[in-house]
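Let me begin by presenting the structure, written as structure tokens, before commenting on it.
The values are calculated or read from the model by the stated rules, or taken from the named source; none is laboratory data. None of these values were measured; they are calculated from a predicted model. Quick reminder, even Gly has a Cβ in these numbers, built from the backbone with ideal geometry, and neighbours come from all protein chains shown. Calculation scope for accessible area: heavy atoms of the full protein, side chains included, ligands and nucleic acids excluded. Shrake-Rupley method; radii C 1.70, N 1.55, O 1.52, S 1.80 Å.
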Amino acid sequence: MTFDKKGYVTFLIDDKPVGGKKFSSEGVDLTMHYAYNEEVEPHTLDFVIAYADGSMELTRMLGIYKFVNEKTLIINMDFKGRARPQAFDDDDKNQVVLTRIK
């Protein structure tokens, strides 16, 4: 997962980038950006998929996040776009731990 300074997020799935400023899915040009709110507890993080021309948001994956330290980020996210998780749970298959590599 790569978060860029312009607000886009890109996943690498089977060595193919998905998301970011512009990507195609089933012949449609899309974009994926992230939105977060650190004013609430737990902090919220959404991944938003929209048409690349900005005409319409298609889906929003809802999540929560916390930093463990400068290099470690924990995200618990409903990747199917249903409900935002309310707590962190090490046994939840939707919870991921990310480590900064740069």
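Taking segment 60-86 as the search range and keeping residues that are exposed (fewer than 13 other Cβ atoms within 10 Å of the Cβ) and not hydrophobic (A, V, I, L, M, F, W, C), which one is nearest to Val28 (Cα to Cα)? Among those that are exposed (fewer than 13 other Cβ atoms within 10 Å of the Cβ) and not hydrophobic (A, V, I, L, M, F, W, C), it is Lys80. Applying the criterion of at least 1 residues that are at positive phi and free of Cβ contacts under 8 Å to residues at least 60 places away in the same chain to the strands (runs of 3 or more DSSP E) found wholly in the chain leaves 16-25. Scanning segment 18-51 for residues that are open to solvent by 40 Å² or more (accessible area, probe 1.4 Å) and among the aliphatic types (A, V, I, L, M) yields Val18, Val28, Val40.
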